[in-house]
Each structure stands twice: as C-alpha cells, then as structure tokens.
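Note sheet for the following structure.
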C-alpha cells in the first residue's frame, strides 16, 4: 500500500469524557450528549482503525499483516515483530481519570504470564495485565490541562498533608518525618492505601473540612475539594498533596515512563504511547485496585517537574523529546504559502489535523489527499516522501529510526 489513506477511528465513551471537545474537533454534533473520552488511532485489538483503501474501509491491522514492510518500514517491522508499536489518541477529560501507573517491560511480561497461568480471563475485573508490553506515554496539551505526575518532594508532602490531615495522619506523617527517603515514602504510601475503613473515613472527613477552608491557599487544596465531590470515600482525593500537581499550557507536554504514579484531571490533549493496555490503579476509581501489584511497579523516588517544550526541527515542524523506542511525537504548523516536506520517510506515520485544512501529496505518484480539522491519515513507509500545503496544524506520530 504505497499510498496515503484516510482513517476512520473508534471513539471511547468513558464516563469521565467531555460531551463537547471531541465533537467540536470532528465538526459533528453530539445529539445524545454522551461523554466522548478518547479517539483511538492505531491497531489496538480493542479498537483498530479502518483505512480507506481502494474505496473500501479495511482494518489497519489487516493491511499491516499483508504488507508489514511496506506499511511499517523494514527496520520497524523487524524490530517490533510486524506490529505497529504505538497507539495515538485524543483524550478529552471533563472529570478526573483514575490514579494509575504502568509496569516496566520486564514486569509486564512477568505479570501477564502469571495471570495467564492462574487462568484469569483477559476481561476479568480483577485482571491487572492485559498484555505483555510496557506503556510509556506522552501527553501534549491542546487546552489548559491539569495532571498529577510523580511523587512530590517529601518536605512538601509533609507540609501539605500536615495542614490538611494533622490529626488523622499524625502517626503516618510522624513516621515519614523520621525517614525522609524513598523507602520512607513507600511505607507512608502503603499505610495510606491499606488503612481500615474507619480510619480512612476520619482522614477523609478531616481533609475535606480543612481543604475547603484553605482552598485559596494552594491549588492542591482546591483539587482535594474537587476530587471529594466525585469520590467521597476514596483515599485518592489526597493525591494532590503527595503527587506533583501540574498545569500544562497548550503545546506543553509530559513524558511518563514506567512506574510513575499519575492521573489526568481535566483538559484535552494528544496522547501517544506504546501499544499496551496495562494499568495498575491507585485510586479515584470504582475499578479494581491491587495494592500489592501497584507497590511492585511504583518508583518512590520524588520526581522533579519536567515539562517538555517543543524543539524546532525546521520552519514547520517541532519535535517533543521521547525516551521511548516505540514512538516520537511532533507538531506541524503550516500557513498559506508554506510547504512541509518529509523526504526521508523510514517508518509509518499517523497524522491528525487539529486546525484548518491542507493537501497532502505523495511525492512519488503525485496523488493528493485533502485533510481538514478532525481528519487523520496513515502514511506508509513505502510512500518514502510527501508534502503538505495549506493552512493547518497537525500532530504526527512516528517511530524514531
């Protein structure tokens, strides 16, 4: 398939999704007012994209299976066993997602094998590992985007939690005060996650009252109050006190490696990740939380806030640093009279137009594809070179080769 193909993608209707953001991007009306949380672009078995191929909608998985080297590129096909290694998404959060972390590749393989040996069905509610892959990911803000990411500096944790839960967590905070290192933080988090219901209720009641009175003093206190509305009896409402609270501006991004506890709270973003669905949850959810499995995955070293900024590649393209071998994200901006040119295509690329309209031309056969806001395309490695002209903004997913 040495041609550029339009994609038809699945929308995931999770309860935390926005009723307006994705319809606005796609130029459609949401007559049902159903929450639309994510658009999935890729080959994940849960929702593979379809490609417009010779007038028919064909699963992208089928095209790759028939022509892996032409679609993926020779080196990508060889390295990733003829599979597209990433999953490209639009994420639109009107309510907070669960607190979660993803396993390393080693732990994912081990966990997947163990649960298979136990005979736990893949769709079971208590299943932790849905596949044997890791899930590093990158989130790039399209709107103002609030997130929790990595443990705070321990001194900040002691200060914030001491203001909100001075009585209910006096013993736990006292222990952390005596051991202000990663092991002490692990013990503190373990105590939070394993406290009995009576203790948990007293802590949450105290936190809610104090956070309301001090909500103007720190955004973390404001978010404790907001989270308590959605999750009344969930210890995860304290997470803004022990995780870094980050506000991304449009165009800013985060890279999340394995083992980092995080949650997306509010906003619309572009998400790019390794093609996996492995999630270990830690709160803000009615779903299964396996504390022991989560503890095995987590990195308890406090993480400094590291916001990714775009790095200019040329006049029209800016690239976000990626620490994953499966993917790299970039942004392409063109205006009338400008031309974006990719003349050294070595891996499959997925492009999503988020603003305007443009024409993409296959340089070898001069065939053109018109693309507008909300449209996405797959560009096989066999295309080798293409150009874009018009007045538009794109996000591009590729494999670093």
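The values are calculated or read from the model by the stated rules, or taken from the named source; none is laboratory data. Please read all numbers here as calculations on a predicted model, not as lab measurements. Note: ideal-geometry Cβ built from the backbone for every residue, glycine included; neighbour counts use all protein chains shown.
Things worth noting here:
- Meeting the requirement of 3 or more residues that are within 21 Å of the chain's Cα centre (by Cα) and modelled with pLDDT of 95 or more, the strands (runs of 3 or more DSSP E) wholly within region 348-401 are 349-362, 376-379, 386-398.
- The helices (runs of 4 or more DSSP H) found entirely in region 26-110 include none that carry 2 or more residues being crowded, with 17+ Cβ neighbours inside 10 Å and within 18 Å of the chain's Cα centre (by Cα).
- Counted residues, region 295-310 - those being farther than 27 Å from residue 270 by Cβ and either part of a loop (DSSP other than H, G, I, E, B) or touching a strand residue (DSSP E or B) at 6+ places or on another chain (Cβ under 6 Å) (or both): 3
- Filter pass, residue 203 being in contact with a helix residue (DSSP H, G or I) (Cβ under 7 Å, 6 or more places away or on another chain) and buried (at least 17 other Cβ atoms within 10 Å of the Cβ): no
- Being under 20 Å from residue 259 (Cβ atoms), in contact with a helix residue (DSSP H, G or I) (Cβ under 6 Å, 6 or more places away or on another chain) and either modelled with pLDDT of 95 or more or surrounded by 16 or more Cβ atoms within 10 Å (Cβ to Cβ) (or both) is a condition met by no residue of region 159-167.
- Residue that is farthest from residue 398 (Cα to Cα), among those in region 318-347 that are surrounded by 18 or more Cβ atoms within 10 Å (Cβ to Cβ) and over 25 Å from the mean Cα position of the chain (by Cα): 334
- Condition met for residue 329 (touching a helix residue (DSSP H, G or I) at 6+ places or on another chain (Cβ under 8 Å) and at pLDDT 95 or above): no
- Residue that is surrounded by 22 or more Cβ atoms within 10 Å (Cβ to Cβ), at pLDDT below 95 and not assigned by TED's automatic domain parsing to the domain that holds residue 349, where the choices are 253, 274: 274
- Within region 179-235, the set of residues being in a helix (DSSP H, G or I), more than 29 Å from the chain's Cα centre (by Cα) and under 20 Å from residue 146 (Cα atoms) comprises 212 only.
- Residue within region 161-172 that is in contact with a strand residue (DSSP E or B) (Cβ under 9 Å, 6 or more places away or on another chain) and part of a loop (DSSP other than H, G, I, E, B) present: no
- Top-ranked residue of region 260-278 - restricted to ones that are in contact with a strand residue (DSSP E or B) (Cβ under 6 Å, 6 or more places away or on another chain) and assigned to a loop (DSSP other than H, G, I, E, B), ranked as farthest from residue 231 (Cα to Cα): 275
- Positions within region 7-23 being farther than 25 Å from residue 286 by Cβ and surrounded by 17 or more Cβ atoms within 10 Å (Cβ to Cβ), in sequence order: 7, 9, 23
- Only one of 134, 102 that is at pLDDT below 95 and under 30 Å from residue 208 (Cα atoms): 102
- Condition met for residue 282 (more than 27 Å from residue 20 (Cα to Cα), assigned to a strand (DSSP E or B) and assigned by TED's automatic domain parsing to the domain that holds residue 15): yes
- Hits in region 12-25 - residues which are part of a loop (DSSP other than H, G, I, E, B) and over 17 Å from the mean Cα position of the chain (by Cα): 19, 20
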